Amino acid sequence: MAQPDSPVRPARPPLPRSGSDPVRPGYLQGTLDGLFTGDQVPDDLPLFRTTFVVVDLETTGGAPDGGGITEIGAVKVCGGEELGTLATLVNPDQPIPPFITVLTGITQAMLLPAPRIAEVLPSFLEFIRGAVLVAHNAPYDVGFLKAACAQLGQPWPNPRVLDTAALARRVLTRDEVPNRKLGTLAAYFRTSRQPSHRALDDAQATVDVLHGLIARLAGHGVRTIGEAIEFARAVTPTQRRKRYLADGLPKAPGVYIFRAADDRPLYVGTSGDIATRVRSYFTAAEKRARMSEMLAAAERVEAIECAHALEAEVRELRLIAAHAPPYNRRSKFPERKVWLKLTSEPYPRLSVVRQLAPDDDAYLGPFTSRRGAELAAAGIHDAVPLRQCTHKLSTRTVTPACALAELGRCAAPCEHRISPAEYERTATIPLRVATMEDPQVVVDALLARIEVLAAEHRYEEAATVRGRLTAVLRATLRMQRLAGLTRIAELAAARRTETGGWELVVVRHGRLAGAATAAPGVHPRPVLDLVRATAETVLPGHGPVPSASAEESERILAWLERPETRLVEVSAGWASPVRGAARFRDLLAKAESASSAQVSTERL
């Protein structure tokens, strides 16, 4: 096999070795989808004008780990004309397995005088510069090359990659070829050279196979390199037929809406680049079955440009809540959120409700499900002596007591064993304090209960109580964070963009009332004043989320709490309770981690 007369020396020496063991980088071979990420060659370049480098490697047969390459063969072609070849044996610094020698004919003696990969790799990377890399079963060959680059500290140039095996699976039927092996395809296309398990021979055979496959692509309407790469990936006929829906969309942040023939919203999404995101639905990267069904019903895509990502996220939430698109799963039914509230009667109790009334003064939530609310209620009942019955009690009429009173777990207000004032002091006030200010009483009671159960080896019961503690803390923390923001009548904030401009927001009672972006070089203050003057009027309301959904206020909170965000003006103090649930964040994280570990163990 011909070798380069004077291989180019590497820019840096090989990585140091310890004894005889080479340094091995942490590398995992990628999949076919992960190869098509290069951007040196434009998508719209016609195939007849595209420069291809067809490569084949012979290896020791192991996994891609930076070594193991025994031979490289590469052929550069463009428009059917051969522009050059590169072929060399490579000393892998490791023994050649006997079965590899039998398969390829490459012996240990042949490799001893050959250059090492550190000497060959720079020449090869220069050879493929500006070209599309082609290989048969590309993930294998590219995996070895990327691992070698990683081991030597050489940056991988990230070329566009076309896999002839994947392309053959899309172009040729089982009636034409029984399989997609290189030898089978070479026989089918009657290539001038037959593969022989030697790198250059196999690369030259792959060139002829590539040309045969390209000739078949015209019948599928594939004429550019971008279309060929996408065609090689398993794009469905529906995706290919509906690809025109992505045409003409803006490359800007915003919301996109897939609409049916009757203009009904099917799916709502958001992205920092609408055009790129919508285009991804028509590639092989989109594998969700429900999205395939949605694309089949979609007739057009509507784009709503937004000032920045936060406005896009908020608009997405509002559109999903307003239209409940059938293919969106999250945030579709905000009205289904539930609350735990203290009823207004002489002996109050906890009740699960859909909405809070203006006179409700003790509550917890919102919860995403009734089950979550009931779990938190059970935790509160473990800590606070609230009655659990659902009867409406009177201060005049006595009602027979239930079993909880006989067990000493209820003060039996139904039989007037406790006065309304005493019930207020021992049950109602502790609940108000725990939810609105300091949940210490609930935390202490539930932790004590867990310790007792654990000491008695009643671990399943202890896990149940831990789940209740988690539900109470999570809901209390969430509610107190929301209340801190939503009580503010107006808040103005700004954040620097990567290009030097400013993202601006005006928030009123936890609702995004206005948004804009000040371009680089434009003073943000006049822009912010204009946003405030034209912002939505938001009236105050009752509860921690009076004017927006909890999800919207939490998206705003996440944006405001980023280190780079600057508060410009606040109409009132933004604060949380000094001894609020936030001080139990670590405890909550431990409880959630323990619950996750338990679930994982139960699934084994």
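No value in this document is a laboratory result; all are computed from the given coordinates. No experiment lies behind these values; they were computed from the predicted model shown. Positions of Cβ are backbone-derived with ideal geometry, glycine not excepted, and every protein chain shown enters the neighbour counts.
What length, rounded to one decimal in nm, is gained on full extension from residue 63 through to residue 49, with 0.36 nm per residue of separation minus their alpha-carbon distance?
1.5 nm
Counting only C-alpha contacts under 8 Å and six or more residues apart, can you give the relative contact order of the chain as a whole percent?
Across the chain, relative contact order equals 9 percent.
Explain nothing, just the number: relative contact order of the stretch 147-294, from Cα pairs under 8 Å at least 6 residues apart, as a whole percent.
Relative contact order, the stretch 147-294: 18 percent.
Over the stretch 449-604, what relative contact order in percent results from Cα pairs under 8 Å that are six or more residues apart?
RCO, the stretch 449-604: 27 percent.
For residue 135, what is the net charge nearby, where nearby means another residue's Cβ is under 10 Å from its Cβ and Lys, Arg count +1, Asp, Glu -1?
Computed value for this residue: -4.
Please give the FRET efficiency for residue 452 paired with residue 592, using the beta carbon to beta carbon distance and R0 = 25 Å, rounded to the nearest 0.05.
0.70
Treat each spin label as a single point 7 Å out from the Cα along the C-beta direction, and report the residue 429 to residue 194 distance in nm.
A separation of 9.7 nm, rounded to one decimal place.
Compute the signed sum of charges (Lys and Arg +1, Asp and Glu -1) over the other residues within less than 10 Å, Cβ to Cβ, of residue 270.
-1
Ranked highest first by average number of other Cβ atoms within 10 Å, how do 361-374, 329-342 line up?
The most tightly packed comes first, giving 361-374, 329-342.
Given points 7 Å out from each Cα along the Cα-Cβ axis, report the residue 251 to residue 371 separation in nanometres with one decimal.
It works out to 4.6 nm between the two label points.
What ranking do 428-438, 171-181 get when scored by the average of other Cβ atoms within 10 Å per residue, highest first?
Descending mean neighbour count gives 428-438, 171-181.
If amide hydrogens are placed 1.01 Å from N in the peptide plane, which non-local residues have theirs closer than 5 Å to the one on residue 337?
Excluding prolines and chain starts, which carry no amide H, there are no hits.
Taking the alpha-carbon centroid of each part, what is the distance from the stretch 492-538 to the stretch 395-464 in angstrom?
48 Å
Per residue of the stretch 168-185, in order, report the coupling 6.51 cos²θ - 1.76 cosθ + 1.60 (Karplus, θ = phi - 60°) as ³J(HN,Hα) in whole Hz, putting x for Gly and Pro.
Result, ordered by residue: 5, 5, 8, 9, 9, 8, 5, 5, 8, 9, x, 8, 10, 5, 4, x, 5, 5 Hz.
Over the chain, what is the percentage of antiparallel beta bridges among all DSSP beta bridges, to the nearest 5?
Counting only bridges with both partners in the chain, antiparallel ones make up about 90 percent.
Please work out which option in (1) 21; (2) 6; (3) 40 gives percent of Cα pairs over 48 Å apart calculated from these coordinates, and answer with its label.
So the structure-derived entry is (3).
For residue 93, list long-range residues whose amide hydrogen, built 1.01 Å from N in the peptide plane, is under 5 Å from its own amide hydrogen.
none
If each of residue 398 and residue 291 carries a label point 7 Å out from its Cα toward its Cβ, how far apart are those two points in nm?
About 6.8 nm, to one decimal.
May I ask for the distance between the Cα centers of the stretch 316-362 and the stretch 52-112, given as a whole number of Å?
With the stretch 316-362 and the stretch 52-112 each reduced to a Cα centre, they are spaced 65 Å.
Assuming 0.36 nm per residue, please report the length gained on full extension of the stretch residue 355 to residue 169 beyond their Cα-Cα distance.
The span from residue 355 to residue 169 would gain 61.3 nm if fully extended.
With θ set to phi - 60° and the Karplus curve 6.51 cos²θ - 1.76 cosθ + 1.60, what are the ³J(HN,Hα) couplings of the stretch 270-275 in order, to the nearest whole Hz, using x for Gly and Pro?
Whole-Hz 3J(HN,Hα) from phi for the stretch 270-275: 9, 7, x, 9, 4, 4.
Kindly list the residues of the stretch 260-275 that lie in the label zone of residue 299, defined by a backbone N under 12 Å from the point 7 Å along the Cα-to-C-beta vector.
The answer is 260-265, whose backbone nitrogens lie closer than 12 Å to the label point.
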